[in-house]
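Novice: Dropping a structure here in structure tokens format, bear with me for questions.
The values are calculated or read from the model by the stated rules, or taken from the named source; none is laboratory data. Only a predicted model underlies this, so the values are computations on that prediction, with no experimental measurement involved. We place every Cβ from the backbone using ideal geometry, glycine too, and count neighbours over all the protein chains shown. Calculation scope for accessible area: heavy atoms of the full protein, side chains included, ligands and nucleic acids excluded. Shrake-Rupley method; radii C 1.70, N 1.55, O 1.52, S 1.80 Å.
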Amino acid sequence: MSRIALLSDTHGHLDPDIFKYFDSCDQIWHAGDIGTIAVCDELKKIKPLIAVYGNIDGQDIRKIYPQNQRFFCEGVDVLITHIGGYPDRYSYEAKQLIQAKPPKLFICGHSHILKVMFDKKFNLLHINPGAAGVYGFHKVKTLVRFTIEAENIKDLEVIELKLR
């Protein structure tokens, strides 16, 4: 069983209130627009970090974190990218990856809009955790926590931190 904290679009900012939500987690996943390598360093001090770079991330982040992460967590095939879109509106690149071999869990960021949707066409769960930083048009900073046990994704929580 793995407990995951999922965030995106920190844009160089880690709210001090966010850290308490990592205590019960085994890993932190970041869906891009990290902002600074210092954010990665801080997160890695707390829990193992899996991340992708986003469109605002510089070469320092891009040298360490790829554009896409594809891996298994427990029995769940996971695909993370930054610019991914949504079911029936995937970005071209994400659609190519999904069509080639649909994951069970597809995660992206970029829009700053928190969405959890099931894609019946590809039989996958789509999660965008919204934005945990202060830059952008979102009004509330958000993240998502969930558990992966065997081949099941369960106990999903949407966490609203506070107004940005």
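Novice: Could you check LEU14 against (1) without any contact (Cβ under 8 Å) to a residue 60 or more places away in the chain; (2) in a loop (DSSP other than H, G, I, E, B); (3) open to solvent by 30 Å² or more (accessible area, probe 1.4 Å) and say which number it fails?
Specialist: (1)
Novice: Show the residue pairs that are 6+ apart or on different chains and have beta-carbon atoms under 8 Å apart, the first residue being within segment 133-159 and touching a residue at least 24 places away in the same chain (Cβ under 8 Å), the second being of a type in the set (Val, Ile, Thr) and part of a loop (DSSP other than H, G, I, E, B).
Specialist: Here the result reads GLY133/THR10; HIS138/ILE113; LYS141/VAL134, each pair linking segment 133-159 to a residue that is of a type in the set (Val, Ile, Thr) and part of a loop (DSSP other than H, G, I, E, B).
Novice: Can you find, within segment 72-83, the residue that is farthest from HIS11 (Cα to Cα) among those that are in contact with an Asp or Glu (Cβ under 8 Å, 6 or more places away or on another chain) and open to solvent by less than 40 Å² (accessible area, probe 1.4 Å)?
Specialist: Here is the first cut: in segment 72-83, the residues in contact with an Asp or Glu (Cβ under 8 Å, 6 or more places away or on another chain) are 74-76, 81-83.
If we keep only those that are open to solvent by less than 40 Å² (accessible area, probe 1.4 Å) as well, we get 75-76, 81-82.
On the way: GLY75: 31, VAL76: 28, THR81: 16, HIS82: 13 Å.
Step by step, filter segment 72-83, then rank; the result is GLY75.
Novice: From the list LYS101, LYS115, LYS121, pick out the single residue that is within 24 Å of GLY12 (Cα to Cα) and of a type in the set (Lys, Arg).
Specialist: Details: LYS101 fails: within 24 Å of GLY12 (Cα to Cα); LYS121 fails: within 24 Å of GLY12 (Cα to Cα).
Residue meeting the stated conditions: LYS115.
Novice: Also, I was wondering about something else. So ALA31 clears everything in (1) in contact with a Pro (Cβ under 7 Å, 6 or more places away or on another chain); (2) surrounded by fewer than 18 Cβ atoms within 10 Å (Cβ to Cβ); (3) within 23 Å of LEU161 (Cα to Cα); (4) of a type outside the set (Ser, Thr, Tyr) except one condition, right? Which one?
Specialist: Failing condition for ALA31: (2).
Novice: Kindly indicate whether any position in segment 124-132 is open to solvent by 10 Å² or more (accessible area, probe 1.4 Å), at pLDDT 95 or above and in contact with a strand residue (DSSP E or B) (Cβ under 8 Å, 6 or more places away or on another chain). Break it down stepwise before answering.
Specialist: Taking segment 124-132 as the starting set, the residues that turn out to be open to solvent by 10 Å² or more (accessible area, probe 1.4 Å) are 125.
Now narrow it down to the ones that are at pLDDT 95 or above: 125.
Still in the list and also in contact with a strand residue (DSSP E or B) (Cβ under 8 Å, 6 or more places away or on another chain): 125.
Taking every residue of segment 124-132 in turn, at least one turns out to be open to solvent by 10 Å² or more (accessible area, probe 1.4 Å), at pLDDT 95 or above and in contact with a strand residue (DSSP E or B) (Cβ under 8 Å, 6 or more places away or on another chain).
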